[in-house]
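Student: Sharing a structure here in structure tokens format.
The values are calculated or read from the model by the stated rules, or taken from the named source; none is laboratory data. For clarity, every value in this text was computed on a predicted model and none was experimentally measured. No Cβ is skipped: glycine too gets one built from the backbone with ideal geometry, and neighbour counts run over all protein chains shown. To get the accessible areas, we keep the full protein, side chains included, count just its heavy atoms, and leave off ligands, DNA and RNA. Shrake-Rupley method; radii C 1.70, N 1.55, O 1.52, S 1.80 Å.
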Amino acid sequence: MKPAQLTQTISDTLVELRKSERKVAEFVLKEPLGVIRMRIVDLAQQAGVSEPTVVRFCRAVGCHGFQDFKLALAQQLASSPSYGQIAVTDTDSAREYTHKVFDSTVDTLLKVRDSLALENLEAAVTAICAAQRVEFYGFGASAAVAFDAQHKFFRLQITSAAYSDPHLQNMSATSLQPGDVVIAISQSGRTQALLDSMELVRQAGGIVIGLAPSGTPIARRASIAIEIDAKEDIQIYTPLSSRIAHLAVIDVLAIGVAQKKGPQLQAHLQQLQSGLSSLRSN
């Protein structure tokens, strides 16, 4: 098991654990920093279980024993130091909530980077470069990502558009030609209107690149899934960093496309820059 996956594994297997093992799991998720400094007897006492139960829990989440479990947990916390410390509270000072917002964003970006399927990114870049049209669909916060993406890609000499209205998405989808690309963006991965538009794209012979959490309907139904798992804390003041992760993935795709287009794109970008200079004050 990769250390960075340990707490996610615990969360995913929570419902499958025995009642006594679940007590250990819930305590670990609540106090991960404290657990790495505990002896097995300490954790057993804090969770209200026996020491053999702690050992069974460790094995249930893929570790060989308690020491192996503590090592994996310590490695995760070392690579993700803000884990469990990024939820903003109403008593935080300006310094504290500023640091938490930035820590949360950096933490999310690193986790998403390390979990991306590179072969899917390469397939997406190839599809975009081969398409006559590239369009971006999104609703709510994802609509802002879609319009930002359109702004980036039209500069790369790609015919592109962005739509956040379901009627326009459906009309756009039905007018696509085989090989055209739609990038469907969703932070929930479950928006029904977006799924409906994706189906129309597929019927037209288009390719759907889905930016969504893994295992969600949008990720499953996309021609090419780029899974972005940026879980947010549910507390009301918690900084929302998943949108930043989506924007970063759009940047990755744009860089990939620019690289494939080669040196001839540089002259075009320089010309665009020159055209903008007259609009800026000295």
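Student: Mind listing whichever residues of region 170-186 are open to solvent by 60 Å² or more (accessible area, probe 1.4 Å) and touching a Gly at 6+ places or on another chain (Cβ under 8 Å)?
Tutor: Within region 170-186, Gln177, Pro178 qualify.
Student: Before we move on, is Ala47 at pLDDT 85 or above and of a type in the set (A, V, I, L, M)?
Tutor: yes
Table: residues versus (1) of a type in the set (Asp, Glu); (2) over 18 Å from Thr9 (Cβ atoms); (3) in a helix (DSSP H, G or I).
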{"site": "Glu26", "(1), (2), (3)": "yes, no, yes"}
{"site": "Asp42", "(1), (2), (3)": "yes, yes, yes"}
{"site": "Gln46", "(1), (2), (3)": "no, yes, yes"}
{"site": "Pro52", "(1), (2), (3)": "no, yes, yes"}
{"site": "Gly62", "(1), (2), (3)": "no, no, no"}
{"site": "Gln67", "(1), (2), (3)": "no, no, yes"}
{"site": "Lys70", "(1), (2), (3)": "no, no, yes"}
{"site": "Gln75", "(1), (2), (3)": "no, no, yes"}
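Student: Out of all the residues in region 140-155, is one or more open to solvent by less than 60 Å² (accessible area, probe 1.4 Å) and not in a helix (DSSP H, G or I)?
Tutor: No, region 140-155 contains no residue that is open to solvent by less than 60 Å² (accessible area, probe 1.4 Å) and not in a helix (DSSP H, G or I).
Student: For Gln203, state whether it is touching a Lys or Arg at 6+ places or on another chain (Cβ under 8 Å) and open to solvent by 60 Å² or more (accessible area, probe 1.4 Å).
Tutor: So Gln203 fails the test.
Student: Let me ask something additional. If Arg95 meets every condition in (1) open to solvent by 30 Å² or more (accessible area, probe 1.4 Å); (2) at pLDDT below 85; (3) assigned to a helix (DSSP H, G or I) apart from one, which number is that one?
Tutor: Result: Arg95 fails condition (2) only.
Student: Additional query: Among the helices (runs of 4 or more DSSP H) lying completely within region 180-282, list those that include at least 2 residues that are under 22 Å from Ala124 (Cβ atoms) and not assigned by the TED database to the domain that holds Glu122.
Tutor: none
Student: Answer yes if at least one residue in region 146-156 is in contact with a helix residue (DSSP H, G or I) (Cβ under 6 Å, 6 or more places away or on another chain), modelled with pLDDT of 95 or more and of a type in the set (Gly, Ala, Ser), and no otherwise.
Tutor: Yes, region 146-156 has at least one match.
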